[in-house]
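**Q** First, the structure itself, so that you have it in front of you.
A short reminder: the numbers here are calculations on the coordinates, not readings from a lab. Not measured: the values here are computed from a predicted model. Neighbour counts are summed over all protein chains in view; Cβ atoms, including those assigned to glycine, are modelled from backbone coordinates with ideal geometry.
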């Protein structure tokens, strides 16, 4: 009879201690750690900062007071006392939760009122609310097209549009940014039974505006739907802030107007507006509407108050134009490359990821918070500072930012 191997009988083995604890790295956690390390190596890891109290342009962040150019609160409404009080009234009337999906028992009187107000405001026959803009796009696109159909998407569209197109299982055609000639050729060559063109209205990382009249003309000529993501245009563009369709005086049965309500409107949620039959179809077929609990009714109460302010206080949009002009004039003659933008979004393209992070950090050292936007949010080699202006900014705030950027530009030459 052979003697047992002492190593095999030992109470410890590779990766364990005498108490039996296994100290070998968990393979799945080790893989995640490697992925995170690669993000750090290429300057792509994102971080969260803790903002105290309510939103605004002057924030207390991680224990510091900062001047912020980060928010999409374009009209400065997120802390408006009239909207806050409307939310409180809504909470007292409806409670803090909807309790069920909209098609069960979650559709409250506040939702019904606001949908009607919103449809009238944007000049549509009907509107329906979604919980977020991301959920709106993920619901709308697959409800209109599926396997065997075709989606046509601008190359710089938001991630929610990209994901929605993939989810639909339709064939996806990506056309160069704002290239209507390329889109026309793709539509002409397409024999799919259902066609859907999807575009941002205002491209959130560039500030460019889609040529909506041309898009509508192409879609009408080729019997295609047009889904317009007006997340950064609603409240800011067009007469009374009615959005990009109003800016171009466009109203077509082919058009579905999607907008978000957590940016210029200052609250939360999203909507789809258009002709009554298509909105009814979205209510029946958009899975992100059918199979989720409805948004709290108190948000619709707040949004009704916000809508009245958006339509009635044009000085807020005038302030945005003034601030944008001051920023661009102040940085003229510097080494910074500003993209052509007539919106509240003013991108400053730096190019290199680390150089962009360094510049953002240098501004933060001076008490100014401007986010560094890097791939995959923007294409490789186009990392940038994204300056988001708000009607709540004072002209002195923009002058302070300009002064800091000019000082940093001088120091790097």
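**Q** Would you mind ranking 32, 83 so that the residue whose beta carbon has the fewest other beta carbons within 10 Å leads the list?
**A** The order, fewest Cβ neighbours first, is 32, 83.
**Q** Sticking with this structure for a sec: Can you put 319, 287, 46 in order, fewest other beta carbons within 10 Å first?
**A** With the sparsest Cβ surroundings first, the list reads 46, 287, 319.
**Q** Once both labels are modelled 7 Å past Cα along the beta-carbon direction, what's the residue 62-residue 105 spacing in nm?
**A** Once both label points are built, they end up 4.6 nm from each other.
**Q** Where both residues lie in region 81-312, what percent of DSSP beta bridges are antiparallel, nearest 5?
**A** About 40 percent, rounded to the nearest 5.
**Q** Dividing the alpha-carbon radius of gyration of region 291-413 by 2.2 N^0.38 Å (N being the number of residues), what value is obtained?
**A** In units of the globular-protein estimate, region 291-413 measures up at 1.28.
**Q** For 88, 219, what ranking results if the residue with the fewest other Cβ atoms within 10 Å of its Cβ goes first?
**A** 88, 219
**Q** Oh, and also: Over the chain, what relative contact order in percent results from Cα pairs under 8 Å that are six or more residues apart?
**A** 21 percent.
**Q** Contour minus end-to-end for residue 50 and residue 217, with contour as 0.36 nm per residue of separation and end-to-end as the Cα-Cα distance?
**A** Fully extending the segment from residue 50 to residue 217 adds 55.5 nm.
**Q** Calculate the translational D of region 63-178 in whole µm² s⁻¹ from Stokes-Einstein, where the hydrodynamic radius comes from the Kirkwood formula applied to all Cα pairs, the temperature is 10 °C and the viscosity 1.306 mPa s. Intermediate results must be reported in sequence, preceding the final value.
**A** Values: Rh = 17.7 Å.
Reported coefficient: 90 µm²/s.
**Q** Roughly how many whole Å is it from the C-alpha centroid of region 330-398 to that of region 270-303?
**A** If you average the Cα positions of each part, the centres end up 35 Å apart.
**Q** Additional query: Counting DSSP beta bridges with both partners in region 43-180, what percentage is antiparallel, nearest 5?
**A** On the way: 6 of 11 bridges.
Percent antiparallel among DSSP bridges in region 43-180 is about 55.
**Q** Need one word for region 22-66: rounded, prolate or oblate. Basis is the Cα gyration tensor (sqrt eigenvalues a ≥ b ≥ c); a/c below 1.5 gives rounded, then a/b vs b/c decides.
**A** prolate
**Q** Roughly speaking, what is the stretch gain from residue 22 to residue 291, that is 0.36 nm per residue apart minus the C-alpha to C-alpha distance, in nm to one decimal?
**A** That pair, residue 22 and residue 291, stretches by 92.5 nm at full extension.
**Q** Would you kindly state how much longer the chain becomes between residue 189 and residue 34 on full extension, computed as 0.36 nm times their sequence separation minus their alpha carbon distance, in nm to one decimal? Provide the component values of the computation, followed by the final result.
**A** Working: separation 155, 0.36 × 155 = 55.80 nm, distance 4.47 nm.
Residue separation times 0.36 nm, minus the Cα-Cα distance, leaves 51.3 nm.
**Q** Just to be sure I understand: of the beta bridges DSSP finds with both ends in the chain, what percent are antiparallel, rounded to 5? Provide the component values of the computation, followed by the final result.
**A** Values: 28 of 48 bridges.
Percentage antiparallel, nearest 5: 60.
**Q** Find the percent of Cα-Cα distances in region 81-312 that exceed 31 Å, and round it to a whole number.
**A** For region 81-312, the share of Cα pairs beyond 31 Å comes to 18 percent.
**Q** In whole angstrom, how long is each semi-axis of the equivalent ellipsoid of region 241-347, when you take the square root of 5 times every eigenvalue of its Cα gyration tensor and sort them from largest down?
**A** So the three semi-axes of region 241-347 are 33, 17, 15 Å.
**Q** Just to be sure I understand the model, the point goes 7 Å from the Cα along the line to the Cβ. What's the resulting residue 339 to residue 362 distance in nm?
**A** The answer from the label model is 2.2 nm.
**Q** In percent, what relative contact order does region 283-413 have, based on Cα pairs under 8 Å that are 6 or more apart in sequence?
**A** Computed value for region 283-413: 25 percent relative contact order.
**Q** Determine the shape class of region 291-336: with a ≥ b ≥ c the square roots of the Cα gyration tensor eigenvalues, call it rounded for a/c under 1.5, and otherwise prolate if a/b is greater than b/c, oblate otherwise.
**A** Taking the square roots of the gyration eigenvalues as a ≥ b ≥ c, region 291-336 is oblate.
**Q** If you take Cα Rg over 2.2 N^0.38 Å from the coordinates, which of [x] 1.00; [y] 0.93; [z] 1.15 do you get?
**A** Label of the calculated value: [z].
**Q** Rounded to the nearest Å, what's the spacing between the alpha carbon centres of region 206-265 and region 98-132? Just the number, please.
**A** 20
**Q** Got the relative contact order for region 81-312 handy, in percent, Cα pairs under 8 Å and 6 or more residues apart?
**A** 31
**Q** Can you bin every Cα-Cα distance in region 178-297 into 5 Å intervals starting at zero and give me the percent of pairs per bin, rounded to whole numbers?
**A** 2, 10, 19, 22, 19, 16, 8, 3, 1, 0
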